Amino acid sequence: AQSLPPGDGSPLEEGGAVREFMAITAERSTQIGNVEEVAARRKELILGTVEHLKKTFAPIGCHIRILDRQANSLAKAGGFGFWHDITDDHRYLEQPFQGSSQVAATRQPRIILNPDVKDMAQGVQAGLLPEQMEELRKTTAFITLPLIFSGRLLGTLTLHFGDDYITKSIEDAVKAVGDGLAGALARLKLADERYRMADFFQKLDDSMFQES
């Protein structure tokens with residue numbers, strides 16, 4: 001994590017990387033033709049967001065989770081780093097004491113400095129070896145945000161840093177990226193629901209005409 005004073009060309013400044021990210025996500029979540037394209041755009045959006053986070057904030061890891069309403073969980077959708085690689089694929093919402101699910105339950109950001117690695121390790125069902133615990137200690141700060149659009153929870157975003165501080169400028173910029181991602185995910189979800197409904201009624205119409 002890094003903090004730069006305003007006016008020095010920092011990518012965290014308004015008009016810098018965050019604004020660029022907003023423009024890119026808007027493009028990736030509009031003008032979609034069918035359900036298959038929605039899925040492809042969502043994957044592209046997640047990968048693009050991860051790359052943007054790497055470039056802008058230089059974290060040692062990140063992960064994005066998307067709400068799976070059928071499984072009642074937060075499903076791991078993309079990211080990188082040690083924690084992303086070892087953490088469970090799903091965070092179940094009936095376990096709100098665990099990281100991302102806690103943020104989803106409260107809908108409040110969570111910033112932790114000098115996290116307790118034993119607490120973090122509880123989020124890995126398979127358990128961790130001593131050398132893995134040592135690797136986990138490299139995370140000295142993290143921020144987890146709920147991804148919310150128009151009051152609707154869509155997922156969570158987490159960044160891990162190797163510095164034991166997260167400045168207000170970093171927090172605000174990460175929140176701006178989270179808001180942009182949530183808006184893009186909401187547009188994709190709406191498009192998916194619209195196309196699926198259209199497909200349902202088309203099949204219903206075809207069935208009615210076949211029977212008549």
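So which of Arg91, Arg110, Arg137 ends up being without any contact (Cβ under 8 Å) to a residue 24 or more places away in the chain and either closer than 18 Å to Leu47 by Cα or in contact with a helix residue (DSSP H, G or I) (Cβ under 6 Å, 6 or more places away or on another chain) (or both)?
Numbers: Arg91 fails: without any contact (Cβ under 8 Å) to a residue 24 or more places away in the chain; Arg110 fails: without any contact (Cβ under 8 Å) to a residue 24 or more places away in the chain.
Result of the check over Arg91, Arg110, Arg137: Arg137.
Filtering region 124-140 to residues that are farther than 28 Å from Asp179 by Cβ, touching an Asp or Glu at 6+ places or on another chain (Cβ under 9 Å) and either polar (S, T, N, Q) or part of a strand (DSSP E or B) (or both) leaves only Gln125.
Given the criterion surrounded by fewer than 13 Cβ atoms within 10 Å (Cβ to Cβ), modelled with pLDDT of 60 or more and among the charged types (D, E, K, R), identify the matching residue among Arg65, Arg69. From the options Arg65, Arg69, the qualifying one is Arg69. Checking each residue in region 72-97 for being β-branched (Val, Ile, Thr) and loosely packed, with under 14 Cβ neighbours inside 10 Å picks out no residue at all.
Table: residues versus (1) in a helix (DSSP H, G or I); (2) farther than 20 Å from His52 by Cβ; (3) in contact (Cβ under 8 Å) with a residue 60 or more places away in the chain.
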| residue | (1), (2), (3) |
| --- | --- |
| Phe142 | no, no, no |
| Ile148 | no, no, no |
| Ile170 | yes, no, yes |
| Lys175 | yes, no, yes |
| Asp179 | yes, no, no |
| Ala184 | yes, no, yes |
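The values are calculated or read from the model by the stated rules, or taken from the named source; none is laboratory data. Everything numeric in this text was worked out from a predicted model, so none of it was measured. As a convention, Cβ positions derive from the backbone with ideal geometry for all residues, glycine included, and neighbour counts pool all protein chains shown.
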